[in-house]
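The values are calculated or read from the model by the stated rules, or taken from the named source; none is laboratory data. Treat the numbers as computed from the prediction; the structure is a model and nothing was measured. When we count neighbours, we look across all protein chains shown, and the Cβ atoms used for this are built from the backbone with ideal geometry, even at glycine. For the accessible areas, the whole protein counts, side chains as well, though only heavy atoms, and no ligand, DNA or RNA atoms are used. Shrake-Rupley method; radii C 1.70, N 1.55, O 1.52, S 1.80 Å.
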Amino acid sequence: MSSSISKALIFLAILYFSSLSVFAENEDPGLVLNYYKDSCPQAEDIIKEQVKLLYKRHKNTAFSWLRNIFHDCFVESCDASLLLDSTRRVLSEKETDRSFGMRNFRYLETIKEALERECPGVVSCADILVLSARDGIASVGGPYIPLKTGRRDGRKSRADILEQHLPDHNESMSVVLERFANIGINTPGVVALLGSHSVGRTHCVKLVHRLYPEVDPSLNPSHVEHMLHKCPDSIPDPKAVQYVRNDRGTPMKLDNNYYKNILDNKGLLIVDHQLATDKRTKPFVKKMAKSEDYFFKEFARAITILSENNPLTGTKGEIRKQCNLANKLH
């Protein structure tokens with residue numbers, strides 16, 4: 001065999017094995033649309049159907065799904081760590097003060113059980129959390145957002161680092177914008193995501209500091225009367241059902257009414273007031289108050305970025321058997 005042929009064969013062999021190693025490295029497709037099309041073709045339809053059924057019976061589930069995606073995906077990774085129960089050694093995220101008022105976790109187990117009947121051990125709780133948010137948003141009149149799947153579940157709670165990541169409703173707008181920027185969401189995206197306050201309700205515990213011992217002068221006086229009626233105690237019982245609807249006009253509909261309200265000084269939380277008054281965010285508040293299409297476009301973009309924050313894919317993490325327990329605890 002001539003040396004030139006030998007060299008050619010060696011070159012081809014190198015190319016072949018190089019392509020194999022590249023293929024091996026690229027085996028993890030990451031997040032893709034319709035990830036379960038072959039492994040569980042009915043997965044997304046099952047989630048959508050369950051969300052519809054649950055919403056029909058319990059309207060507030062839609063608000064829970066929306067809040068879930070924010071609280072889970074914002075804290076380091078979109079991996080359903082929010083859903084884990086506390087253990088003897090580790091506090092769960094959902095039992096921290098910052099998760100006050102969150103509920104309906106048991107209904108995520110209902111969705112998981114339906115999927116397990118169809119395709120055991122295939123669909124992650126992280127994808128259930130994200131897709132239930134997508135379908136919950138649509139059920140309250142928001143945009144339908146095509147979201148990618150392929151997430152795997154984390155094995156540990158992130159309660160210990162939650163405060164480092166999650167913005168609080170009493171923090172300055174600079175801190176809020178910075179926290180969102182850390183995961184790639186810009187100012188119009190922040191304004192749009194806070195439009196989630198168009199639906200649901202705020203517990204009196206979260207807003208009495210604007211009413212007692214003195215009323216916050218920035219609040220619209222006509223709205224103060226309603227807030228005082230709903231929150232008559234300066235130290236409300238956290239277990240009592242005392243709350244104010246975020247939007248009295250269309251409380252069950254995700255729309256741009258929120259922006260009109262906060263421009264009229266009817267925002268319940270400090271962050272709502274700041275959004276309408278800070279020079280960095282006010283122009284976008286005005287734009288969203290005028291155009292619901294613009295609000296929905298920015299909202300969909302921000303939810304997409306949020307849902308893709310540092311997911312576990314490929315061989316990382318696991319597919320939990322139950323959403324509240326890591327598999328090793330079964």
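Can you say whether residue 205 is closer than 21 Å to residue 60 by Cα, part of a helix (DSSP H, G or I) and under 23 Å from the mean Cα position of the chain (by Cα), as far as the supplied structure shows? For residue 205, the condition - closer than 21 Å to residue 60 by Cα, part of a helix (DSSP H, G or I) and under 23 Å from the mean Cα position of the chain (by Cα) - is met. Pairs linking a residue in the range 35-57 that is within 24 Å of residue 313 (Cβ to Cβ) to a residue that is among the acidic types (Asp, Glu) and open to solvent by less than 60 Å² (accessible area, probe 1.4 Å), with Cβ atoms under 6 Å and 6 or more positions apart or on different chains, are 48/135; 51/135.
The set of residues in the range 61-98 that are over 14 Å from residue 303 (Cα atoms), open to solvent by 50 Å² or more (accessible area, probe 1.4 Å) and not hydrophobic (A, V, I, L, M, F, W, C) comprises 76, 85, 87, 88, 89, 95, 97. Under the condition of being touching a residue at least 60 places away in the same chain (Cβ under 8 Å), open to solvent by less than 30 Å² (accessible area, probe 1.4 Å) and over 23 Å from residue 42 (Cβ atoms), the residues counted in the range 99-144 number 3. From the list 147, 194, the one residue that fits, being in a loop (DSSP other than H, G, I, E, B) and on the phi < 0 side of the Ramachandran plot, is 147. Hey, can you tell me all the residues within the range 278-302 that are out of contact with any helix residue (DSSP H, G or I) (no Cβ under 7 Å at 6 or more places or on another chain) and under 23 Å from residue 134 (Cβ atoms)? 291, 292, 293, 296, 297, 300 - these are the residues of the range 278-302 that are out of contact with any helix residue (DSSP H, G or I) (no Cβ under 7 Å at 6 or more places or on another chain) and under 23 Å from residue 134 (Cβ atoms). Taken over the range 281-320, the criterion of being touching a Gly at 6+ places or on another chain (Cβ under 7 Å) and either part of a loop (DSSP other than H, G, I, E, B) or free of Cβ contacts under 8 Å to residues at least 40 places away in the same chain (or both) is satisfied by 313, 317, 319.
Of all residues in the range 220-262, those satisfying the criterion of being open to solvent by less than 40 Å² (accessible area, probe 1.4 Å) and polar (S, T, N, Q) are 220, 242, 246, 256, 257, 261. Tallying residues that are under 23 Å from residue 109 (Cα atoms) and hydroxyl-bearing (Ser, Thr, Tyr) within the range 301-330 yields 2. When you scan the range 189-207, do you find a residue that is of a type outside the set (Lys, Arg), open to solvent by 20 Å² or more (accessible area, probe 1.4 Å) and free of Cβ contacts under 8 Å to residues at least 24 places away in the same chain, even just one? No, every residue in the range 189-207 fails to be of a type outside the set (Lys, Arg), open to solvent by 20 Å² or more (accessible area, probe 1.4 Å) and free of Cβ contacts under 8 Å to residues at least 24 places away in the same chain.
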